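The values are calculated or read from the model by the stated rules, or taken from the named source; none is laboratory data. Computed from a predicted model, the values in this text were never measured in an experiment. Reconstructed Cβ throughout: ideal geometry from the backbone, glycine too, with neighbour counts over all protein chains shown. The protein model used for the area step is the full one, side chains on, heavy atoms only, and it has no ligands, DNA or RNA in it. Shrake-Rupley method; radii C 1.70, N 1.55, O 1.52, S 1.80 Å.
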Amino acid sequence: MRQSLVYILLFGCLNLTAQSIDFARGADISWCSEMEAAGMRFYNFNGQETDIFLLMKQIGMNAIRLRVWVNPETGYGAWSDKADVLAKAQRAKQHGLSLMIDFHYSDYFADPGRQTKPSAWSGFSFEDTKTALGNHTKDVLQALKAEGIEPLWVQVGNETASGMVWEDGRIDWNLPESERWLNYVALSNAGYDAVKQVLPKTSVIVHHDNAIHDNVWFYEAFKKYGGKFDMIGLSHYPDWETWSISNTTAASNLRKLHDAFAVPVMIVETGYSTWDEKRAERVMKDLLSKMEQEEGCAGVLYWEPEVYGGWEARQLLDDGTWKEGNKGQYGVKVTNHGAFNEYGQPSAALLAFGVTTGIERTVLDNVDTECYFNLQGQRVSKNAKGIKIVHDGISYRKVMYNY
């Protein structure tokens, strides 16, 4: 039996077109199609099954990020390949959500500790690898464009702090500076040029993994050796204990990057443990508030918030073998990742991504004990039926009691 207390929207839906976004509030929900195929379902704040893309729009988001792998069917399975990305991008378009495409240039997750060359490119010379990277980029983007889908943003590589497409594009810190950047820059620029050939107006992002570090030096060197970018992307996962300090540090470092390079900077990945929903809500609201105050910040995207119920995809182990994922123990909360509750509904962590209506905030200011209001701002009893605003002395949200 589903819980009797379910969250209802605290905010109105954004009604923005892809061309009018000033600040992106969104999520990477790349796992959604794989989860759906495994039997996982998503529910709105009323407990009604719904489309995950529509739900993101209802939450108040205006942007979706989708990763692209080259040949995932060789190991992981045919998810996040061109066909899967195209199908999900069509759903995003249907619901008026702007799109970011995140090229990993790998058959599996790429990050600072792993930038594995796609199997289809094995044995390629450096020049052939550069050509293949450009062709792969154009192939995916042309398929999207043929469906009338033009991403606002494209990442050429994912968390490329150590380079990309190893060993060809690894940043070798043992080499002289004049040599260590060259191959990485050449591969990144091949992606940049390919994006511009297909989508000249799309912003190209170069993505670093850690916003709590001052990364000006990285982009200075990248640019010094010919690297091209229109936007900087950062990952930021606030610390469990010192989240307020880490959010402040991330905002300060974002400002430094914007001042140094005069380009927008976006938090393209964030997230926080859902072990404590109220804590997660506070952390995300703090992050969004800080980033919205930064002139150079282009937005904040949550990484895989739809994960719930013990979802665990296949994992590539260090010995090169694959661990089969559990594919979700429906209704069993055994993971603290994602930002959905055990019932497949958005948790309080995502309230930060909505747009408040104003009346709720006015009513609830200075309230420090648990109390309930109707939508007209009148105080009501806890047992009153229908949609109410509840304030527990720390946070507030709309709820519905079903009796």
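Would you work out the relative contact order for segment 84-209, in percent, from Cα pairs under 8 angstrom that are 6 or more residues apart? Can you show the working numbers first?
Numbers: 184 pairs, mean separation 40.2, N = 126.
Relative contact order for segment 84-209 comes out at 32 percent.
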Computed for segment 64-155: size of charge dipole around the Cα centre, +1 on C-beta of each Lys and Arg, -1 on C-beta of each Asp and Glu, debye to nearest 20, value 260 debye
Heavy-atom accessible area of Ser235, protein chains in place, probe 1.4 angstrom, given in Å² to nearest 10, is 0 Å²
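Give, rounded to the nearest 20 debye, the magnitude of the charge dipole that segment 133-227 has about its Cα centre when Lys and Arg contribute +1 at Cβ and Asp and Glu contribute -1 at Cβ. Walk me through the numbers on the way to the answer.
Working: 8 positive and 13 negative charges, 72 e Å.
Taking the Cα centre of segment 133-227 as origin, the dipole is about 340 debye.
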With the charge dipole of segment 86-197 built from beta-carbon charges (+1 for Lys and Arg, -1 for Asp and Glu) about the Cα centre, the Cα from Ile149, Gly96, Ala132 projecting farthest to the positive end belongs to Gly96
Expressed in square angstrom to the nearest 10, the accessible area of Lys256 with a 1.4 Å probe stands at 90 Å²
The correct ranking of Glu49, Glu269, Glu277 by accessible area at 1.4 Å, largest first, is Glu49, Glu277, Glu269
Sorted list, accessible surface of protein heavy atoms, 1.4 Å probe, largest first, for Ser178, Ser122, Ser273 is Ser122, Ser178, Ser273
So, relative contact order of segment 42-109 in percent, Cα under 8 Å, 6 or more apart, is 38 percent
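Going from most exposed to least, what order do His337, His207, His258 have by accessible area with a 1.4 Å probe? Don't skip to the answer; put the middle values down first.
Numbers: His337 125, His207 0, His258 50 Å².
So, going from the largest accessible area down, we get His337, His258, His207.
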Rounded to the nearest 10 Å², the 1.4 Å probe accessible area of Tyr192 is 30 Å²
Computed curve, segment 53-158, Cα-only Debye sum without solvent term, log₁₀ I(q)/I(0) at 0.12, 0.18 Å⁻¹, is -0.42, -0.87
The whole-number value in µm²/s of the Stokes-Einstein translational diffusion coefficient for segment 94-147, with Rh from the Kirkwood sum over alpha carbon pairs at 37 °C and 0.692 mPa s, is 254 µm²/s
